[in-house]
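The values are calculated or read from the model by the stated rules, or taken from the named source; none is laboratory data. The shown structure was predicted, so the numbers you read here are calculated from the model rather than taken from an experiment. These area figures cover heavy atoms from the full protein model, side chains too; ligands, DNA and RNA do not enter into them. Shrake-Rupley method; radii C 1.70, N 1.55, O 1.52, S 1.80 Å.
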Amino acid sequence: MRIYTRTGDAGQTGVIGGRVDKDDVRVEAYGTTDELNCFVGQAIGFLDPQRDADLAADLLEIQHEIFDCGSDLALLKQELRPYKVTAEMVDRLEAWIDKYDAETPDIKRFILPGGSLASSTLHVCRTVCRRAERRVVTLARTQPINDEVRRYLNRLSDFFFTAARVANHRAGAPDVEYVRSAEVFRRKS
């Protein structure tokens, strides 16, 4: 099998149900999820294989789900096949956020990306995820989408924040507080 097809040489690409320009807002949306998936793979590589096995397994599952997000975003019409991203996936992310958040110390101030290499990379995942979400919001203004993708990406960025904090905590690296911030967070209940 050849990797190159030459079908995109004129500036268009195939999506599920047709062809669009490579700079189409739909391609920007699913292309950003693809970029996010690469950073998630990198973050997994920076985790300690024994200590962080649970987090690595959850991130691997998330990689598959990010691919599902991209697949749903590449779909021009839902009639072509059922959507892959579901509300249950969002619910599971919330459960993971709660589980990992319970493991971390209380925070009082905003957190800067930093600490361990894994944590820093998970913060990159968080910001790329937010950009993907913005691209999906833009797409949804003019074209039909699976609304669960937007919800999933919104919750996923919260997951990455929590995962970055737990990666630091497990590595013995303190979170980097934004020292110019007032105390803005309440204690966990």
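Segment H64..A102, full-extension length gain: 11.2 nm, with 0.36 nm per residue of separation and the alpha-carbon distance subtracted.
3J(HN,Hα) couplings calculated from phi for the range 103-112 with the Karplus curve 6.51 cos²θ - 1.76 cosθ + 1.60 (θ = phi - 60°) are, in sequence order, 7, 9, x, 4, 10, 10, 10, 4, 10, 8 Hz; Gly and Pro show x.
Suppose the chain between A173 and Y4 were pulled fully straight at 0.36 nm per residue; how much longer would it get relative to their current alpha carbon spacing? Spell out each step's value before the answer.
Values: separation 169, 0.36 × 169 = 60.84 nm, distance 4.41 nm.
Extra length from A173 to Y4 when fully extended: 56.4 nm.
With θ taken as phi - 60° and the Karplus curve 6.51 cos²θ - 1.76 cosθ + 1.60 applied, the whole-hertz 3J(HN,Hα) list for the range 128-145 is 5, 4, 4, 5, 4, 4, 4, 5, 5, 4, 4, 4, 5, 5, 10, 9, x, 9 Hz, x standing for glycine and proline. A quarter of the convex hull surface defined by the alpha-carbon atoms of the range 1-150 gives 11.4 nm² as the mean projection.
Solvent-accessible area assigned to carbon and sulfur over the range 20-91 amounts to 55 percent, based on a 1.4 Å probe. Extents of the range 126-189, largest first, come to 44, 26, 24 Å (Cα atoms, principal axes, whole angstrom). For the range 41-123, the equivalent ellipsoid derived from the alpha-carbon gyration tensor has semi-axes of 29, 15, 13 Å in decreasing order.
Taking every protein chain into account, the 1.4 Å probe leaves E148 with about 40 Å² of accessible area, to the nearest ten. In order along the range 178-185, phi translates into HN-Hα couplings of 6, 5, 8, 8, 6, 6, 10, 10 Hz, rounded to whole numbers, per the Karplus curve 6.51 cos²θ - 1.76 cosθ + 1.60 with θ = phi - 60° and x for Gly and Pro.
Taking the solvent-accessible surface of protein heavy atoms with a 1.4 Å probe, what is the per residue accessible area of the chain in Å²? Walk me through the numbers before you get to the answer.
On the way: 10290 Å² over 189 residues.
In whole numbers, the chain has 54 Å² accessible per residue.
Extension gain, L112-T138: 0.36 nm per intervening residue step, less the Cα-Cα distance, totals 6.6 nm. Amide H to amide H distances under 5 Å link E177 with L112, where only residues 5 or more positions off or on other chains count and H is placed in the peptide plane.
Across the range 80-143, the fraction of Cα-Cα pairs farther apart than 17 Å, rounded to a whole number, is 65%.
Measuring only protein heavy atoms, the 1.4 Å probe finds I44 accessible over about 40 Å². Cα axis of helix 87-101 to longest principal axis of the chain: angle in degrees, 0 to 90, nearest 10? Between helix and principal axis, roughly 20 degrees.
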